[in-house]
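Enquirer: Below is a structure I'd like to ask you about.
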Amino acid sequence: MDYIPEQVTTVSQVNEYIKNMFVREYALHNICIRGEISNYSLASSGHLYFTLKDEVSELPCVMYRSALSKVDFQMKSGQSVVVQGSITTYEKKGRYQFQVQKAYNAGKGELYEKYERLKKRLGEEGLFDEARKKSIPLYVRKIGVVTSASGAVIHDICDISKRRNPFVQICLYPAMVQGEGAHRTIIRGIRYFEATDVDVIIIGRGGGSLEDLWEFNEEELAYVIADCEKPIISAVGHETDFSISDFAADLRAATPSEAAELAVFDYEKFLKELRQYEAALHQQMGNKIQTLKLKTAQYTKNLEHLSPTEHIKRQRLRLDSIEVKLKNFMQQRLEKNKHRLALCIEELKGLSPLYKLQAGYVYVEDEKGRQIRTASEVETGQALELTFSDGKVTALAQGKILKE
């Protein structure tokens, strides 16, 4: 058995000793430090955690809610500040940190200014113009993802994609997403997928400081994204993080999970919409068929009305009606003419010599056949011819007697 010294100190004792060292060291109390904010993180408790850095070193900082409420400017990553406070220790974890009591705005940090200059120049070149951006296909079948193989990004994208549409294929190109030269591996991933049959490309990583995300701010990567023939969704960092890649891409997602939401259509929603369209189509088709049936019935009726057979039938009915009317008219006309004829007959009877002869009258003519109307026309001894209803008699006038 190995020898164990008698004088052994616990971890808590060591941490407590170090804490007391910081407490006794007045040079670490109420000091002002200049640096650039990085890894900005505002906790749900209202406390602010960030890293203060310069060109060489970093210092973890905490600013409690009471102190943060007195700051009169918006603190954010990449900002240059002067903070006032003291070095303290977190005894439980054995870490030291700078507890900020006051903060002063010292302008933007060098890296942030570099970011702003690049963003402005590329924007003026038209690299971010909406007219250059390609639309994301509505129904994708295959998605290429350029990100770390070990990070949470690919898992989040796969989970969201599987939930929304299990038939979409996710292809991973493992790339570096942090550190010097990482943007070159991202470029290789984009060019690889550009030569394949993927419908859309997603590039991204989780949140981090401006330094952590800087590879997505490289100018070379921005040009490759803008020139890519495939539509690209950029999902770099958290919702408040904006990279040059976000502006150059065809679509920016606040998070990798949102990128999957934007790229993959909701299959269940799609089926629901299809069923709604099907029901609406059935209803419209039913209404259309009913309308066409009514029109067909009307056309059939019109065709029957305009057909030669119906026309002949109607003409026959019309002729039958005319025939009946004509018969009635002829019968009425005949009866009327019979009545008029009877009247004419009666009139003729009154004017007919024969009728008068039958009544006992005689028709008198001279020997030359001229009618003798009066006694003054007769000479004594003149031969006369008397016509009776049943024959003629020749006579001589022996004398005449005239009325005075």
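The values are calculated or read from the model by the stated rules, or taken from the named source; none is laboratory data. Since we're looking at a predicted model, the values are computed, not measured. Please note: Cβ atoms are built from the backbone with ideal geometry, for glycine as well, and neighbour counts cover all protein chains shown.
Enquirer: Looking at G151, G181 in this structure, which one is more than 26 Å from the chain's Cα centre (by Cα) and under 16 Å from A253 (Cβ atoms)?
Expert: So the residue among G151, G181 that is more than 26 Å from the chain's Cα centre (by Cα) and under 16 Å from A253 (Cβ atoms) is G151.
Enquirer: Working carefully through the options D266, D320, find the one that is modelled with pLDDT under 95, touching a Lys or Arg at 6+ places or on another chain (Cβ under 6 Å) and of a type outside the set (A, V, I, L, M).
Expert: None of the others qualify; the one that does is D266.
Enquirer: Out of (1) closer than 19 Å to L213 by Cβ; (2) without any contact (Cβ under 8 Å) to a residue 12 or more places away in the chain, the odd one out for V8 is which?
Expert: So the condition that V8 fails would be (1).
Enquirer: Could you tell me which residue of the stretch 192-208 is nearest to the chain's Cα centre (by Cα), considering only residues that are over 21 Å from T51 (Cα atoms) and among the charged types (D, E, K, R)?
Expert: Only one residue tops the list, namely D199.
Enquirer: If I go through the stretch 193-208 residue by residue, how many of them are outside any loop (DSSP other than H, G, I, E, B) and either of a type outside the set (A, V, I, L, M, F, W, C) or farther than 19 Å from P256 by Cβ (or both)?
Expert: Adding up the residues that qualify gives 3.
Enquirer: Of the residues L52, L59, L42, L48, which single one is within 20 Å of G208 (Cβ to Cβ), of a type in the set (A, V, I, L, M, F, W, C) and free of Cβ contacts under 8 Å to residues at least 12 places away in the same chain?
Expert: L42
Enquirer: Quick check: anything in the stretch 20-35 part of a strand (DSSP E or B), in contact (Cβ under 8 Å) with a residue 60 or more places away in the chain and within 60 Å of the chain's Cα centre (by Cα)?
Expert: yes
Enquirer: Where in the stretch 209-276 are the helices (runs of 4 or more DSSP H), entirely inside, with at least 1 residues that are more than 30 Å from the chain's Cα centre (by Cα) and without any contact (Cβ under 8 Å) to a residue 12 or more places away in the chain?
Expert: The qualifying helices (runs of 4 or more DSSP H) are 219-227.
Enquirer: Would you pick out the residues in the stretch 10-22 that are of a type in the set (S, T, N, Q) and either in contact with a helix residue (DSSP H, G or I) (Cβ under 7 Å, 6 or more places away or on another chain) or within 13 Å of G94 (Cβ to Cβ) (or both)?
Expert: If the condition is that a residue be of a type in the set (S, T, N, Q) and either in contact with a helix residue (DSSP H, G or I) (Cβ under 7 Å, 6 or more places away or on another chain) or within 13 Å of G94 (Cβ to Cβ) (or both), then T10, S12, Q13, N15 are the ones that fit.
Enquirer: Something else: Within the stretch 131-177, how many residues turn out to be part of a strand (DSSP E or B) and among the small types (G, A, S)?
Expert: Selection size over the stretch 131-177: 1.
Enquirer: Still on this structure, please answer the following. Only one of K142, K162, K134, K119 is surrounded by 15 or more Cβ atoms within 10 Å (Cβ to Cβ) and charged (D, E, K, R). Can you tell me which?
Expert: Residue meeting the stated conditions: K119.
Enquirer: Scan the stretch 190-206 and report the pairs whose first residue is of a type in the set (F, W, Y) and whose second residue is part of a strand (DSSP E or B), with Cβ atoms within less than 8 Å and a gap of 6+ or a chain change.
Expert: Listed pairs, sorted by first residue: Y192/G144; Y192/Y173; F193/G144; F193/V146; F193/C171; F193/Y173; F193/I201.
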